[in-house]
Amino acid sequence: MHASKYGNGAMVAEEFKHQMEARGVAVSVHQVRDIRPKELPAADLYLFSSPGRMGRPIGGMRRFLRKVDLAPGTRYALLTTEGAPQPDKDTGKLPTEEERARHERVRPLMNETLQAKGLSEVAEDAVFVTGTKGPLEEGWQHKVEDFASRIPVEP
Ligand SMILES: Cc1cc2nc3c(=O)[nH]c(=O)nc-3n(C[C@H](O)[C@H](O)[C@H](O)COP(=O)(O)O)c2cc1C
């Protein structure tokens, strides 16, 4: 389930589907505006992906996650699209993960909403966009491939 606005997250979702299908796992991709949060299709695992907006998930995803109605213990993963960390104007240094985490709350807020419903996270990551509306960072397919390899699959 993704809330892609400019298409980058939709590309990430398609690549994830492709990678999981290579592992023998069927994936269906949905834009959140096209699916009812209280009537999600049955699945072994749900992947939620949101673009960042002012350090938070985009509004459509926040509303969607608030309404999601899945049994406690249901497994989920997060693979967001977020703006690439920018070097500090004075020092030229990239922010550390800790510094970035102070204002980038996209995944923490998604986790907060889902974990309050008793859902259980198995993996999370962000794929970066190099400009506000894209494109995706170089080598993004490898990041998705690495992420897909971290999703536990029952034999
Ligand atoms: C108004 C606006 C605010 C944004 N704020 C953030 C932000 O706070 N953090 C972030 O990581 N990305 C931010 N972005 C960049 C989005 O992450 C980027 O547009 C998105 O990942 C692209 O995905 P999409 O093509 O699937 O919509 C912002 C983009 C816009 C247009």
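Taking only segment 1-17 into account, find how many residues are assigned to a loop (DSSP other than H, G, I, E, B) and near the ligand (Cβ under 10 Å from one of its atoms).
5
Please find, among GLU82, GLU97, GLU112, GLU121, the residue that is of a type in the set (Asp, Glu) and within 22 Å of ALA10 (Cβ to Cβ).
GLU82
Among the candidates ALA10, ALA42, single out the residue that is exposed (fewer than 12 other Cβ atoms within 10 Å of the Cβ), among the aliphatic types (A, V, I, L, M) and at pLDDT 95 or above.
Values: ALA10 fails: exposed (fewer than 12 other Cβ atoms within 10 Å of the Cβ).
Selected residue: ALA42, the only one of ALA10, ALA42 that is exposed (fewer than 12 other Cβ atoms within 10 Å of the Cβ), among the aliphatic types (A, V, I, L, M) and at pLDDT 95 or above.
Out of all the residues in segment 105-114, which are among the basic types (Lys, Arg) and either more than 12 Å from the ligand (Cβ to nearest atom) or in a helix (DSSP H, G or I) (or both)?
The one that is among the basic types (Lys, Arg) and either more than 12 Å from the ligand (Cβ to nearest atom) or in a helix (DSSP H, G or I) (or both): ARG107.
Pairs under 9 Å by beta carbon, first residue farther than 15 Å from ARG63 by Cα and charged (D, E, K, R) in segment 109-135, partner near the ligand (Cβ under 10 Å from one of its atoms) and in a loop (DSSP other than H, G, I, E, B), six or more apart or different chains?
LYS133/LYS5; LYS133/TYR6; LYS133/GLY7
For segment 140-155, give me each residue that is within 16 Å of THR80 (Cα to Cα) and exposed (fewer than 15 other Cβ atoms within 10 Å of the Cβ).
Of segment 140-155, the ones within 16 Å of THR80 (Cα to Cα) are 140-148, 150-151.
If the condition is that a residue be within 16 Å of THR80 (Cα to Cα) and exposed (fewer than 15 other Cβ atoms within 10 Å of the Cβ), then HIS142, ASP146, ARG150 are the ones that fit.
Take LEU78 and tell me if it is under 18 Å from LYS5 (Cβ atoms), surrounded by fewer than 19 Cβ atoms within 10 Å (Cβ to Cβ) and modelled with pLDDT of 95 or more.
It is false that LEU78 is under 18 Å from LYS5 (Cβ atoms), surrounded by fewer than 19 Cβ atoms within 10 Å (Cβ to Cβ) and modelled with pLDDT of 95 or more.
Name the residues in segment 18-34 that are away from the ligand (no atom under 15 Å from the Cβ) and surrounded by 14 or more Cβ atoms within 10 Å (Cβ to Cβ), would you?
Within segment 18-34, HIS18, GLN19, MET20, VAL25, VAL27 qualify.
May I ask you to list the residues in segment 35-57 that are under 19 Å from TRP140 (Cβ atoms) and away from the ligand (no atom under 11 Å from the Cβ)?
LEU47, PHE48, listed by residue number.
Filter segment 44-70 for residues that are touching a Lys or Arg at 6+ places or on another chain (Cβ under 9 Å) and part of a loop (DSSP other than H, G, I, E, B); which is nearest to SER4 (Cα to Cα)?
SER50
Tally time: how many residues in segment 71-104 are in a loop (DSSP other than H, G, I, E, B) and within 11 Å of the ligand (Cβ to nearest atom)?
Selection size over segment 71-104: 4.
Please go through (1) farther than 25 Å from ARG66 by Cα; (2) away from the ligand (no atom under 16 Å from the Cβ) for THR132 and return the number of the only condition it doesn't satisfy.
It is condition (2) that THR132 fails.
The values are calculated or read from the model by the stated rules, or taken from the named source; none is laboratory data. Please read these numbers as outputs of a predicted model, since none were measured by experiment. Note that we place each Cβ from the backbone using ideal geometry, even for glycine, and neighbour counts take in every protein chain shown.
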